[in-house]
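Visitor: Take a look at the following structure, please.
Just so you know, all these numbers are worked out from the coordinates, no wet-lab data involved. Everything numeric here is computed off the predicted structure, so don't read it as measured data. For neighbour counting, all protein chains shown are included, and Cβ atoms are generated from backbone atoms with ideal geometry for every residue, glycine included.
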Amino acid sequence: MSLKMKFNRIYAMVLRFFYLFRHSYDRIGDAFYWPTIDLLIWGLTSSYFRTFAPNAPQIILIILSGHMFWLIVWRAQYEITVNLLEELWNKNMINIFVSPIKFSEWALSFVIVGIIKAAMSFPFAMLVVYFAYKINIIFFSWYFIPIIFLMFMTGWWVGFFVSGLILRFGTKVQTLAWTFAWVIGPFAAIYYPISVLPAWAQKISAFVPASYVFEGTREIINTGSTDPSKFYLSFVINLIYLILSILFLRSSFKKVLNKGLVKVY
């Protein structure tokens, strides 16, 4: 019975977010319009680059696949951080936590919303890429599954970490919800090999789990396979960061409770 009630509470939160999504044109545009514009711009740019590098026919696939997989990171962290901000902007935290919902259920609902929205926007992006550039991302075959999962993991720990900062320091640091993922983007080597980074940046990149995934995707595109150890290492680092970020978020939430939820506004 308790498990059923727990599921019902999570479902209620997820349903609430989708009611907001359905009636908000800016949320719909964020899920479909901006990814389309980004893919068109990056696709046209990489097509132009290919005219200068005729011996690198895969450049469009490398850039567009990198951007599409990074969209998953962005979507996963965005749904966690911005939905938290939505509660703060509307001063709704107290209303939520006077109900029986648990902190873990509340956080899990953000994760589920991110997965569902990614499941909506990513296939749409795949269609855009296919019809605009005749590129099929399913080219990655079975590698597609671990790549997607590892991108989600990266987005989750980024989202939990930034949410912990927002709870701890309030909405004055809310810009991190849109900027933090792009701070680590250069070190994730989304569009280029790690070898082009300066030596100091390569050292930082070694601690960014997404960098191993993007290196692997480029190897798959160029050779048809990659060393699975890259994905294993990415998983281990992601898992460590995910555990630490959840603990940090939980600690930040407890600190807010001790001060009073009204203080976080």
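Visitor: Apply the a/c threshold of 1.5 to the C-alpha gyration tensor of region 194-247 and tell me whether it is rounded, prolate or oblate.
Guide: oblate
Visitor: Taking the radius of gyration and the Kirkwood hydrodynamic radius from Cα positions alone, what is the Rg/Rh ratio for region 28-121, to two decimal places?
Guide: Reported Rg/Rh (Cα atoms, Kirkwood Rh): 1.19.
Visitor: Could I ask something else about it? Just add up the charged neighbours of residue 211: K/R +1, D/E -1, any other residue whose Cβ is under 12 Å from the Cβ of residue 211.
Guide: +2
Visitor: Still on this structure, please answer the following. What distance in nm separates the simple spin-label points at residue 222 and residue 89, each placed 7 Å from Cα in the Cβ direction?
Guide: For the pair residue 222/residue 89, the computed spacing is 4.2 nm.
Visitor: Right, here's the next one. On the principal axes of its Cα set, how long, how wide and how thick is region 2-264? Give whole Å, largest value first.
Guide: Projected onto the principal axes, the Cα atoms of region 2-264 cover 62, 40, 36 Å.
Visitor: Another one. Please sort by residue number the trypsin sites (Lys or Arg not before Pro) in region 77-169 whose DSSP state is loop and whose Cβ has at most 16 other Cβ atoms within 10 Å. All intermediate terms of the calculation are to be shown ahead of the outcome.
Guide: On the way: sites: 91, 102, 117, 134, 168; in loops: 91, 102, 134.
Here the sparse-neighbourhood loop sites are 91, 102, 134.
Visitor: Over region 2-264, what is the mean sequence separation of C-alpha contacts under 8 Å (at least six apart), divided by residue count, expressed as relative contact order in percent?
Guide: 24 percent
Visitor: Under 25 °C and 0.890 mPa s, how fast does region 125-169 diffuse according to Stokes-Einstein, given a Kirkwood radius computed over C-alpha pairs? Answer in µm²/s, whole number.
Guide: 192 µm²/s
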